[in-house]
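Engineer: Just passing along the structure, written as structure tokens.
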Amino acid sequence: MFAEDTLGLLEGTVQLDETFVGGKNKNRHRDKKVKNSQGRSFKDKTPVMGMLQQEKVEFSERPHKLIVGKTGREKIIKEPARLLCYTVPDTKAESIQPILRSKIKPGANVVSDEWHAYRGLNDTYWHYVVDHSKKQYVMKAGILLML
């Protein structure tokens, strides 16, 4: 079941990204192909932006279950990840930023790629940019990306 999120603003570390839903033109039957439709084309695809709040975890040490005298580390999920997705008219800052500014708590860590629509977020958030063209997928600050 899909429903509007009512748990309040996203906080902590929030990953941002956008995509186009609708499949690749090359995978369509010949009579279903759309002319001049490649990459970020709006002719036959719907732009969608997503915001993923990372889960909040804690680690604790406990005695190992099988080996006497050893300890093990256990990951405890304190708060599960949350994902919000919205269809948008386009991927311009004017369309994307009002939505994310209304859904993310000021002061949160936001992580995005280098897409121009995310510029200017550092006035409200700690904005980290991952440059995929430089093969970046994990920030040096230790923020694990799942984009």
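The values are calculated or read from the model by the stated rules, or taken from the named source; none is laboratory data. Here the structure is a predicted model, which means the values were calculated and not measured. Virtual Cβ from ideal backbone geometry, glycine too; neighbours counted across all protein chains shown. Surface areas here come from the heavy atoms of the whole protein model, side chains and all, with no ligands, DNA or RNA. Shrake-Rupley method; radii C 1.70, N 1.55, O 1.52, S 1.80 Å.
Engineer: Could you pull out every residue, at least 5 positions away or on a different chain, whose amide H is within less than 5 Å of the one on LEU10? Hs are placed 1.01 Å off N in the peptide plane, and Pro or chain starts have none.
Structural biologist: Residues meeting the amide H criterion: ILE104, LYS105.
Engineer: So what's the net charge close to LYS24: Lys and Arg +1, Asp and Glu -1, counting the other residues with Cβ under 11 Å from its Cβ?
Structural biologist: Around LYS24, the surrounding residues sum to +3.
Engineer: Moving on. If I take R0 = 35 Å and measure r between the Cβ atoms of THR71 and VAL48 in this structure, what FRET efficiency does the formula 1/(1 + (r/R0)^6) give, to the nearest 0.05? Display every interim value, and only then the final one.
Structural biologist: On the way: r = 44 Å, r/R0 = 1.26.
The calculated FRET efficiency here is 0.20.
Engineer: Rounded to the nearest whole Å², what accessible area per residue is found for the stretch 52-111 with the 1.4 Å probe?
Structural biologist: 66 Å²
Engineer: On to the next question. Given a cut-off of 29 Å, name the pairs among LYS45/LYS134; LYS24/LYS134; LYS26/LYS92; LYS45/LYS78 whose C-alpha atoms lie farther apart than that in the structure shown.
Structural biologist: LYS45/LYS78
Engineer: Follow-up. What are the residues whose amide H is under 5 Å from the amide H of VAL111, where those residues sit 5 or more places off or on another chain and H is modelled from the backbone?
Structural biologist: VAL14, GLN15, LEU16, TYR128
Engineer: Could you work out the per residue convex hull volume over the alpha carbons of the stretch 51-93, in cubic angstrom?
Structural biologist: Expressed per residue, the convex hull around the Cα atoms of the stretch 51-93 is 98 Å³.
Engineer: Starting at the first residue of the stretch 86-95, write each ³J(HN,Hα) from the Karplus equation 6.51 cos²θ - 1.76 cosθ + 1.60 with θ = phi - 60°, in whole Hz, x for Gly and Pro.
Structural biologist: Each residue's phi maps through the Karplus curve to give 9, 6, 10, x, 7, 9, 7, 4, 5, 8 Hz.
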